[in-house]
Amino acid sequence: MGIGKLILVDLDTIETSNLSRQMLFRPGDEGRPKAEVAAERLKEMNPYLDIDFFFEKLQKLPMSVYEESDVVVAALDNFNARLDLNKICLRMKKPMVEGGTVGFEGHVQIVIPEGTGLRYKNKKNEIENLVEARLWEITDTEYPDYYRAQREIELLEEEIERIKNARINPIVNKIHREIELVFDWKYAPELLDQTPCYRCLVPIPPADDKLVAACTLKGLPRNRNHCVIKAEVEFEKKYGHKPDLNLNDEVLKLKEIAQIELEKLRERVFDENVPLEERDSLTKEQIEDWKKNIRETFGSDYKFEEIENILGNKIAAIQTVSSVIASVQSQEALKLLFRVNGRNIGAPMDPPYVNYNGIYGQFDHLNILKSDDCLACGKIEGEENVQIVVPFDANVGYIFEAMEISGHVLDSELWMITDPMTKEIYWNPYMPSLKDPDVKLTSLKIKSNDIITLSPLGKALAESEIKKFNVVIAFM
Ligand SMILES: [Zn+2]
């Protein structure tokens, strides 16, 4: 991660009770200094890390240790130590990240002392804060009209309140009483005892890269990820093996091919949007504008890391975020475990979905809804939604291929394909006239994002758990 050097300071020794909450300690470490053992274990995990440790009070450390540090992390268990460290950091002008937990509560406080030179706060927000503070201070004599306007607003608010009380609230209260009367038998079982399921949030699982890769030889890339996937296929054709992402040379070659595909994609989109016959009527600037727009839509030229990321899925996992999420999961598991066993140590989180944003350090609870037509927990049974990716010139036979790649092996002799809206039959294995796998989807007027239905016949009808596939077609 580029941290380089860690200095661990602790004056405690390991006790048995520490083993369950500090992953760096193991049975057998009891009695040894925490800082020493932690340094040892971290060094095992990453031998390139430079680690010093002090089995010492933080107040007794030589000031040179603080001087050498860029950031101080406080993970202390008492006020006095925190206050002392705070004082030292202020004096040494070192930013401090203080944190602590009590039961299910946790806090993190960032302390930036004056004179660190760190531009920490947002200028615009600070100006707003000063304006806000100044507004509280102004007097009636200074800005009389400001006060008059405030008074008018108050009167309007009183009026709104009066209308609510007289005409809105009585109706709300009546409906409230009606719902309360029937809640226990009508709503409680559904609302109090269950949550939406995972599938409720993913009605149509998006087609994955396997499908894109499979049709990429014939298909036309539609976005920059497709271009890289296509480049991988082209690379293999040209060099006889898949590119090795550990070899810079091969990634560079791949980048070149992807760049060509990206340029072809830009040109294609330009041609589609600005037909030849219209081009003469456009000024040079208008044409440049189009090109600039297209460039912005599909992104700038490829960078080395992007190629690695798209193909290798190498987007670095941030261990701290994993830890936050793992912690929240563990905490929910703990509450549920107790609850399942008849004890209440706290309610499971409600709404049952939390999003943590490590950039803003923010948790947002999202109110997710149970879906009545959810294919996993809803009332519909025997259906499945699938998205498939097909080349622009795909034929009916390719639908069965694409279904197979997405994990649904269907016998084309036993499944029928129809348009769910018009009921038109695209494929019926029992009818020779509707059994031509070479018919192009475009000639059937199927467009990108159209939905087709696959239903079982005969033996498949008896044996398949799924009686209907709703298939979203994405052309590439
Ligand atoms: Zn569901």
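Heavy-atom accessible area, probed at 1.4 angstrom with all protein chains present, ranks ARG162, ARG134, ARG279 as ARG162, ARG134, ARG279, highest first. CYS197 contributes an accessible area of around 40 Å² to the protein surface, as traced by a 1.4 Å probe with all chains present. The loop-placed trypsin sites (Lys or Arg not before Pro) in region 94-125, going by DSSP, that have at most 15 neighbouring Cβ atoms within 10 Å of their Cβ come out as ARG119, LYS121. Remind me, relative contact order of region 159-303 in percent, using alpha carbon pairs under 8 angstrom and six or more residues apart? Value for region 159-303: 17 percent.
Helix 319-340 and the longest principal axis of the Cα set of the chain meet at an angle near 90°. To the nearest 10, the accessible area of GLU272 is 110 Å² with a 1.4 Å probe. Only Cα pairs under 8 Å and 6+ residues apart enter the sum, and on that basis the relative contact order of the chain stands at 10 percent.
Each of LYS210 and GLU142 was given a label point 7 Å from its Cα along the Cα-to-Cβ line. The distance between the two points is 6.9 nm.
Within region 58-116, which chymotrypsin sites (Phe, Trp or Tyr not before Pro) sit in a loop by DSSP and count at most 13 neighbouring Cβ atoms inside 10 Å? Let's see the in-between values first.
Values: sites: TYR66, PHE79, PHE104; in loops: PHE104.
Sparse-neighbourhood loop chymotrypsin sites (Phe, Trp or Tyr not before Pro): PHE104.
Going by the alpha-carbon gyration tensor, a ≥ b ≥ c the square roots of its eigenvalues, is the chain rounded (a/c under 1.5) or, if a/c is not under 1.5, prolate (a/b greater than b/c) versus oblate? Because a/c hits 1.5 or more and a/b exceeds b/c, the chain counts as prolate.
Output the pairs from LYS210/LYS264; LYS124/LYS335; LYS210/LYS335; LYS5/LYS255; LYS5/LYS121 with a Cα-Cα distance over 32 Å in this structure; if there are none, say none. Intermediate values should be presented prior to the final figure.
Working: LYS210/LYS264 22 Å; LYS124/LYS335 42 Å; LYS210/LYS335 39 Å; LYS5/LYS255 35 Å; LYS5/LYS121 27 Å.
Too far apart for the 32 Å limit: LYS124/LYS335; LYS210/LYS335; LYS5/LYS255.
Using only the alpha-carbon atoms, how far is helix 224-239 inclined from the longest principal axis of the chain? Give it as 0 to 90 degrees, nearest 10. Result, in degrees: 70. For the peptides 399-406, 179-186, the ranking by packing is 399-406, 179-186, with the highest mean count of neighbouring Cβ atoms within 10 Å listed first.
In this view, the solvent-accessible surface of MET45, computed with a 1.4 Å probe and all protein chains in place, comes to about 140 Å². If the chain linking ILE175 and ALA462 were pulled fully straight, counting 0.36 nm for each residue of separation and taking away their Cα-Cα distance, it would gain 98.5 nm.
Under unit Cβ charges (Lys, Arg +1; Asp, Glu -1), what dipole magnitude, rounded to 20 debye, does the chain have relative to its Cα centre?
On the way: 61 positive and 82 negative charges, 78 e Å.
Roughly 380 debye for the chain.
A convex hull fitted to the Cα coordinates of region 383-475 yields 86 cubic angstrom per residue.
Packing, taken as the mean count of other beta carbons within 10 Å per residue, orders the peptides 201-209, 125-133 from highest to lowest as 201-209, 125-133.
Looking at the square roots a ≥ b ≥ c of the eigenvalues of the Cα gyration tensor of region 1-125, which shape do they give, rounded for a/c under 1.5, prolate if a/b is larger than b/c, or oblate? Prolate is the answer for region 1-125, as a/c is 1.5 or above and a/b outweighs b/c.
Straight-distance candidates among the lysines for linking to LYS164, with alpha-carbon spacing under 24 Å and chain neighbours fewer than 8 residues away dropped: LYS174. Distance between the modelled labels on VAL321 and GLN109, one decimal in nanometres: 2.8 nm (7 Å Cα→Cβ projection).
Relative to the longest principal axis of the C-alpha atoms of the chain, give the angle of the C-alpha long axis of helix 34-45, reported between 0 and 90° and rounded to the nearest 10°. Here the helix axis deviates by roughly 30 degrees.
Calculate the FRET efficiency for TRP185 and ALA347 from the Cβ-Cβ distance with a Förster distance of 30 Å, rounded to the nearest 0.05.
Values: r = 23 Å, r/R0 = 0.76.
E between TRP185 and ALA347, to the nearest 0.05, is 0.85.
Stretching LYS242 away from SER455 to a fully extended chain increases their span by 72.9 nm, per 0.36 nm per residue minus the current alpha-carbon distance.
The simple spin-label model puts a point 7 Å past each Cα toward its Cβ; for VAL102 and ASP84 those points are separated by 2.2 nm. With r as the distance between the Cβ atoms of ARG91 and VAL131 and R0 = 25 Å, compute the FRET efficiency 1/(1 + (r/R0)^6) and round to 0.05. Efficiency computed from Cβ-Cβ geometry: 0.15. Here the gap between GLU272 and TYR198, fully extended at 0.36 nm per residue and compared with their Cα-Cα distance, gives a gain of 22.7 nm.
Can you list which of the trypsin sites (Lys or Arg not before Pro) found in region 377-476 are DSSP loop residues with at most 16 other C-beta atoms within 10 Å? Before the final figure, lay out the partial values.
Working: sites: LYS379, LYS423, LYS435, LYS440, LYS445, LYS447, LYS459, LYS467, LYS468; in loops: LYS379, LYS423, LYS435, LYS445, LYS447, LYS467.
Listed in order of number, the matching sites are LYS379, LYS423, LYS435, LYS445, LYS447, LYS467.
Going by a ≥ b ≥ c, the root eigenvalues of the Cα gyration tensor, does region 123-191 fall in the rounded group (a/c under 1.5), the prolate group (a/b larger than b/c) or the oblate group? Oblate, because a/c is 1.5 or more while a/b does not exceed b/c.
The values are calculated or read from the model by the stated rules, or taken from the named source; none is laboratory data. On a predicted model such as this, the values are computed, not experimentally measured, just so you know. All Cβ positions, glycine included, derive from the backbone under ideal geometry; neighbour counts span all protein chains shown. Keep in mind that these areas ignore ligands, DNA and RNA; they rest on the heavy atoms of the full protein, side chains included. Shrake-Rupley method; radii C 1.70, N 1.55, O 1.52, S 1.80 Å.
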